[in-house]
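The values are calculated or read from the model by the stated rules, or taken from the named source; none is laboratory data. Values in this document were obtained by computation on a predicted structure and should not be read as measured data. Heads up, the Cβs are rebuilt from the backbone with ideal geometry, glycines too, and the neighbour counts pull from every protein chain shown.
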Amino acid sequence: MTNVIYLDNNATTAVAPEVRQAMMPFLTELYGNPSSIHTFGGQVGAHVEEARAKLARLLGAHPSEILFTSCGTESDNAAIRSALASQPERHHLVTTRVEHPAVKNLCTYLAQPGPGKPKYRLTELGVDAQGRLDVGAFEAALDDDTAIASVMWANNETGTIFPIEKLGALCRARGILFHTDAVQAVGKVPINVAELPIDLLSLSGHKLHAPKGIGALYIRRGTRFSPLVIGGHQENSRRGGTEAVPLIVALGEAADLARKNMGEENTRVRALRDRIEKGLMATCPDARLNGDPAARLPNTSNISFEYVEGESILLMLDQFGICASSGSACTTGSLEPSHVLRAMGVPYTAAHGSIRFSFSVYNTDAEVDKVLEVLPPIIRRLREISPFGRQKAVQSER
Ligand SMILES: Cc1ncc(COP(=O)(O)O)c(C=O)c1O
């Protein structure tokens, strides 16, 4: 598909040309197994370690603290399940209502009874109207039975950033493991785990211009770790399975690139995001911003256009090649607003019409201009044909 305006970078990102180039030799001539004794295989292992060092540098970690996984979901699962397996005497989990399903659904599963399955107690903390967590409520939820607290660094739908340092410090003071799902934060905001009270941190390659199928888990040195995937001695016996060498090399390169692009992400990308927001707020009545305007990822904007369906907006944007996401998912024929917007108490009429724009360094001013040109008439047109929108128009005429 040509001429796509891709504003859905929190869903996935384009593989960077530099990343594609870096991984190519490992899809062609350098196909050896890093565990092999022979030189041909062994030389590949050096590239795996180089990629580990590059990723560690992006996070402020030591290379030995990086475990490569298959995706963000696996990293989240490995972190939480390891905390439970290594502390069988503890049975309580603390998390939030706005986590990605990779954490949310795992915790819900763990809290359900089942034959031969230990049962865990789950505290899912709510958020306020801007998606913020109450630090006092978090502290109050921790107890001597808590095995792990897991709070995302930044929300994938709204971009709201959580006070990770404060939350981690509260856990550390009580000897409780702290995990953060940083899948949406890595590469977008500076992270230095050396200076933060974080024990476990999850990330995913395809959110930072590496291909799909690779993720990583940061495990602070000294943290007890119980493997999720049991097999061979790869990854220092913390994850069995022959290393996905091309993907690991790709993630290393993407980490280097993200470090170089961090400044641009927080200046030019942020400016694109701010311009789309300002422009749409000025031209579309009954539009509202979802998320914390003060603590938000620089690339994410979630806007509700009241009285219209997000899915209809997306379909009409699609006709112009514009890719974005909506805050509702079509399940069993009914459009359910996202659990994130529901947790924030966003009214149904607004939650249904929410659209997420998420930018990357590959977006341009011309693309923002195009959205600002085509979207306001789309909203007007949809409101004209929506019963709610018509009702609202009549009310405002009165
Ligand atoms: C916050 C967050 N956590 C976890 C994931 C899952 O990552 P993956 O798709 O690599 O499994 C995502 C993906 O959208 C995400 O946004």
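Listed by first and then second residue, the pairs linking a residue in the range 2-31 that is in contact (Cβ under 8 Å) with a residue 40 or more places away in the chain to a residue that is among the basic types (K, R) and away from the ligand (no atom under 16 Å from the Cβ), with Cβ atoms under 8 Å apart and 6 or more places separating them unless they lie on different chains, are I5/K370. If the condition is being of a type outside the set (A, V, I, L, M, F, W, C), within 12 Å of the ligand (Cβ to nearest atom) and either assigned to a loop (DSSP other than H, G, I, E, B) or without any contact (Cβ under 8 Å) to a residue 40 or more places away in the chain (or both), then the range 71-128 contributes E99, H100, P101, N105.
Okay, residues lined up against (1) under 19 Å from I164 (Cβ atoms); (2) surrounded by fewer than 19 Cβ atoms within 10 Å (Cβ to Cβ); (3) not hydroxyl-bearing (S, T, Y):
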position: S202; (1), (2), (3): yes, no, no
position: H206; (1), (2), (3): no, no, yes
position: A216; (1), (2), (3): yes, no, yes
position: R224; (1), (2), (3): no, yes, yes
position: E235; (1), (2), (3): no, no, yes
position: R239; (1), (2), (3): no, no, yes
position: T242; (1), (2), (3): no, yes, no
position: G252; (1), (2), (3): no, no, yes
position: L257; (1), (2), (3): no, no, yes
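Taking the criterion of being more than 20 Å from N10 (Cα to Cα) and either surrounded by fewer than 19 Cβ atoms within 10 Å (Cβ to Cβ) or in contact with a helix residue (DSSP H, G or I) (Cβ under 6 Å, 6 or more places away or on another chain) (or both), would at least one residue in the range 94-105 satisfy it? Among the residues of the range 94-105, at least one is more than 20 Å from N10 (Cα to Cα) and either surrounded by fewer than 19 Cβ atoms within 10 Å (Cβ to Cβ) or in contact with a helix residue (DSSP H, G or I) (Cβ under 6 Å, 6 or more places away or on another chain) (or both), which makes the answer yes. Taking the condition assigned to a loop (DSSP other than H, G, I, E, B), crowded, with 22+ Cβ neighbours inside 10 Å, assigned by TED's automatic domain parsing to the domain that holds S35 and small (G, A, S), does A210 pass? In short, yes. Inside the range 203-249, residues that are within 16 Å of the ligand (Cβ to nearest atom) and not hydroxyl-bearing (S, T, Y) make up a count of 20. Strands (runs of 3 or more DSSP E) fully within the range 244-361 that include at least 1 residues being small (G, A, S) and at pLDDT 95 or above: 287-290, 300-305, 354-358. Looking across the range 141-164, just one residue is in a loop (DSSP other than H, G, I, E, B) and of a type in the set (G, A, S), and that is G159.
Within the range 61-70, being assigned to a loop (DSSP other than H, G, I, E, B) and either more than 12 Å from the ligand (Cβ to nearest atom) or among the hydrophobic types (A, V, I, L, M, F, W, C) (or both) holds for A61, H62. Going through (1) within 16 Å of the ligand (Cβ to nearest atom); (2) free of Cβ contacts under 8 Å to residues at least 40 places away in the same chain; (3) β-branched (V, I, T) one by one, I37 falls short only on (1). Inclusion of T180 among residues that are crowded, with 24+ Cβ neighbours inside 10 Å, of a type in the set (S, T, N, Q) and within 21 Å of S226 (Cβ to Cβ) is warranted.
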